[in-house]
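Here the structure is laid out as structure tokens; the discussion comes afterwards.
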Amino acid sequence: MSKNETFKLSLISIIFTISLLISLPYIPISVDSSLLRIETQLGGYEITIPQKDGDKVIDLKDFKKSKEVGESQKIVLSLQDENMQNREEVLPSLISTIERRLNLAGISDFQTGQEDENSLYVIIPQHESSERVSNLILGTGRVSFKKVKNPDEWSQEEIANFYTEIDRWEDTGITDSDMTGFLYTVTPTGESLLQISFTNEGREKFYNEAEKNIGLPIGMYINDYEYPLLMPVISENILNDRNSDPGISGNFPQQDINDLNLQIKNPLPVRLSLLETLIMSSSMGSNFIYSYLTAFSIGLTIVLAFFVIKFNLLGLTYVLSLALSLPLFAAFSKIMPIPITPSYISVLILVTGIMTVVGYTVLKSIVENTKQEKPFDYALYQTFGKDKGKFSASSILVFFVSLILSFILTGSAKSFMSELFSGMLVVIYFYTLVFPSIILSFGGYKK
């Protein structure tokens, strides 16, 4: 076996091992004896990636399941003004705004509807944060800036009282209508910076107020809350560049800033209250995953048995190649992450079917060539060299189209395209690297 073939087999082994470890659920391993003590685990890992704006955690504990496949959460919301006269017009408008917010926030798997004449509901999968979704929905999207009513009362020792005593503030007249949103940036020192992006008129209004309140705090209120979100003290150097938007340094989670921008750009027509959050069982049945895996395993076993009967020892190359490739598809669904949905299951069946067709076509071609007394190397080249375009062109086309669409589309269409391009990537990996390498290692003795 050449060095090139050995390298390919080593690479396949590494990819398979990593994919399998990612795909596995949490499996504790504990050994406690007089000779050896081990406390570790297989699968279910949490990978922390250090970043300037805070560590990013990739959760590999479990597969994310859609609301149809796994348990879901039902968030019930009601109108604060139950005596509203035009609720028939307001509720559809509310639902439209909520759907737009959720789609823009990257939450594609959800369902909205009207619960009764005064309330509506949002259903999300169990893996989504109900707290984040509730906050994202309930925020009115309104922002206002207030100044200290009596400057003589201000001191750093009184800062806690200024946060909690709402009668110490008065309006400046600066609101979200004077803004275009918030910008999140990270300074060279790694500190996050919240930049308030004003319109030209809004910026002038802000600096006029800042000039009158040097050394005093300005309260920033969001979503009609009674208490200020931020209370920065105006320093004199803020007036050095009145053409630039002001910024506030601190520890600001980027996701919270993004959600706040979505609320500002998609304001609620009326205010809502959270009634309750309920846990709902899978709409496809609690044992759906088990039933599907059982049916898939039986079908796959029949196909693998056919390959072994049809192609003898050579059929085992397909069996092994399939076993080395499928864990990569499962690993993609955890890393990206792609939730387990009915469409995901369809893509898994499609990917397995394509690899089965490729496997049958390849092995049949090799057998026919070797029966004609052609060298095994020639039969392999004929199949993976000259004839590979028969099954590679379509899969490469689908891969690139679905990859591009996954960046363009939103909602469930985006999820489906992500499933499809990761599936096609596994198919390409199967017939360009795994299958030819395994066949060559099994059939090399026929050269």
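The table below gives the values:
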read-out	value
Spans of strands (runs of 3 or more DSSP E) in region 195-286 with at least 2 residues over 20 Å from residue 185 (Cβ atoms)	218-222, 272-280
Residue 202, sole failed condition from (1) loosely packed, with under 15 Cβ neighbours inside 10 Å; (2) more than 13 Å from residue 147 (Cβ to Cβ)	(1)
Filter result for the condition that a residue is more than 30 Å from residue 179 (Cα to Cα) and either in contact with a Gly (Cβ under 7 Å, 6 or more places away or on another chain) or without any contact (Cβ under 8 Å) to a residue 40 or more places away in the chain (or both), over 344, 318, 360, 292	318
Condition met for residue 365 (over 28 Å from residue 112 (Cβ atoms), among the hydroxyl-bearing types (Ser, Thr, Tyr), out of contact with any Lys or Arg (no Cβ under 8 Å at 6 or more places or on another chain) and surrounded by fewer than 21 Cβ atoms within 10 Å (Cβ to Cβ))	yes
Filtered residues of region 1-15 (kept if of a type in the set (A, V, I, L, M), surrounded by 12 or more Cβ atoms within 10 Å (Cβ to Cβ) and over 31 Å from the mean Cα position of the chain (by Cα))	9
Meets criteria (closer than 19 Å to residue 429 by Cα and at pLDDT below 95) for residue 294	no
Residues of region 145-170 satisfying the condition of being outside any loop (DSSP other than H, G, I, E, B), over 20 Å from residue 211 (Cα atoms) and not small (Gly, Ala, Ser)	157, 158, 159, 161, 162, 163, 164, 166, 167
Residue selected from region 219-250 under the condition touching a helix residue (DSSP H, G or I) at 6+ places or on another chain (Cβ under 7 Å) and touching a residue at least 40 places away in the same chain (Cβ under 8 Å), by the criterion nearest to residue 273 (Cα to Cα)	223
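Conditions (1) in the same structural domain as residue 135 (by TED's automatic domain parsing); (2) under 29 Å from residue 57 (Cα atoms); (3) aliphatic (A, V, I, L, M); (4) surrounded by fewer than 19 Cβ atoms within 10 Å (Cβ to Cβ), marked per residue:
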{"residue": "172", "(1), (2), (3), (4)": "no, no, no, no"}
{"residue": "178", "(1), (2), (3), (4)": "no, no, no, no"}
{"residue": "187", "(1), (2), (3), (4)": "no, yes, no, yes"}
{"residue": "194", "(1), (2), (3), (4)": "no, yes, yes, no"}
{"residue": "214", "(1), (2), (3), (4)": "no, no, yes, yes"}
{"residue": "226", "(1), (2), (3), (4)": "no, no, no, yes"}
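The values are calculated or read from the model by the stated rules, or taken from the named source; none is laboratory data. Just so you know, these numbers come straight off a predicted model, no measurement behind them. Cβ atoms come from the backbone with ideal geometry, glycine included; neighbour counts cover every protein chain shown.
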